[in-house]
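No value in this document is a laboratory result; all are computed from the given coordinates. A quick note: this is a predicted structure, and the numbers were derived from the prediction, not measured. Here the Cβ is made from the backbone with ideal geometry for all residues, glycine too, and neighbour counts use every protein chain on show.
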Amino acid sequence: MVQVLLIGGDHDGKIEEHEYKRDGVIIHYNPIVLSSHSPETEMRSPYRYTMDAMIIDGQYYAYASCKSIDVSEIEPLIKTSYLKPM
C-alpha cells in the first residue's frame, strides 16, 4: 500500500492509501440529488481517478487524477502536500 494524492473532483488534495498499479483506476461515488423533495431520488456519479507516479528529488510519488493535467502542475501539488514517497 502506498499513499496516493488525488487530483481533481470533490476529493482534490486528499491523500489515500491504495495498492499501486500504474494506470490503475480509483473510483469514488458522489451523491447527486435529483429532487430535494424525496431522498430516494439520490443517484451516485463516479469520479474515475487514474493512477501514475513521478520522480521528485530521486523519490517516487504516487498520484491519481480525474482530470487532464500537465505534468508541470503535478510536482508543486505533491511538494505542498504531506504525501510520502513510495
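Brief remarks follow.
- Simple label model, 7 Å out from Cα along Cβ direction - residue 71 to residue 19, nm: 2.8
- For residue 84, a cut-off of 19 angstrom between C-alpha atoms picks up these lysines, skipping any fewer than 8 places away in its own chain: 14, 21.
- Residues with amide H under 5 Å from that of residue 14, placed H, sequence gap 5 or more: 6
- Within-15-Å neighbourhood charge of residue 1 [Cβ basis; K, R +1; D, E -1]: -1
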